[in-house]
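Below: one structure, written as structure tokens.
The values are calculated or read from the model by the stated rules, or taken from the named source; none is laboratory data. Here the structure is a predicted model, which means the values were calculated and not measured. Neighbour counts are summed over all protein chains in view; Cβ atoms, including those assigned to glycine, are modelled from backbone coordinates with ideal geometry. Side chains are part of the model used for accessible areas, which takes the heavy atoms of the whole protein and leaves out ligands, DNA and RNA. Shrake-Rupley method; radii C 1.70, N 1.55, O 1.52, S 1.80 Å.
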Amino acid sequence: MESEKATILNRLRTIRGHINGIEKMIEDNKDCADILIQMAAVTGSIKKVEIMISKHMAEQCLEKALNEGKDLKQEIAQLLENILKYK
């Protein structure tokens with residue numbers, strides 16, 4: 001988990017850097033096409049972080065359900081509901 005956590009935090013810091021860059025581009029009246037390219041990069045990065053967190057959450061929830069002897073079918077349904085809520 002620590003390496004996943006470090007990877008996620010790194011990606012979030014990179015996203016923050018991109019957003020700061022976009023702010024500066026706007027302040028400096030840079031070309032709209034260049035700003036949109038940076039926006040697309042931020043959107044893609046956020047999507048990747050979302051996938052990483054969803055994957056980790058799924059693994060963690062299912063492992064916990066197995067260890068606690070919970071109804072796996074019900075836990076999977078709840079997990080899918082939570083993930084799809086944000087799509």
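Conditions tested, residue by residue: (1) modelled with pLDDT under 95; (2) in a helix (DSSP H, G or I); (3) open to solvent by 70 Å² or more (accessible area, probe 1.4 Å); (4) not polar (S, T, N, Q).
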{"residue": "I26", "(1), (2), (3), (4)": "no, yes, yes, yes"}
{"residue": "K30", "(1), (2), (3), (4)": "no, no, yes, yes"}
{"residue": "D34", "(1), (2), (3), (4)": "no, yes, yes, yes"}
{"residue": "M39", "(1), (2), (3), (4)": "no, yes, yes, yes"}
{"residue": "S45", "(1), (2), (3), (4)": "yes, yes, no, no"}
{"residue": "K48", "(1), (2), (3), (4)": "yes, yes, yes, yes"}
{"residue": "M52", "(1), (2), (3), (4)": "yes, yes, no, yes"}
{"residue": "M57", "(1), (2), (3), (4)": "yes, yes, no, yes"}
{"residue": "A77", "(1), (2), (3), (4)": "yes, yes, no, yes"}
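Before we move on, is N10 without any contact (Cβ under 8 Å) to a residue 60 or more places away in the chain and over 15 Å from the mean Cα position of the chain (by Cα)? When the stated conditions are applied, N10 does not pass them.
Among the residues making up the stretch 59-75, a single one is open to solvent by 100 Å² or more (accessible area, probe 1.4 Å) and of a type in the set (A, V, I, L, M, F, W, C): L66.
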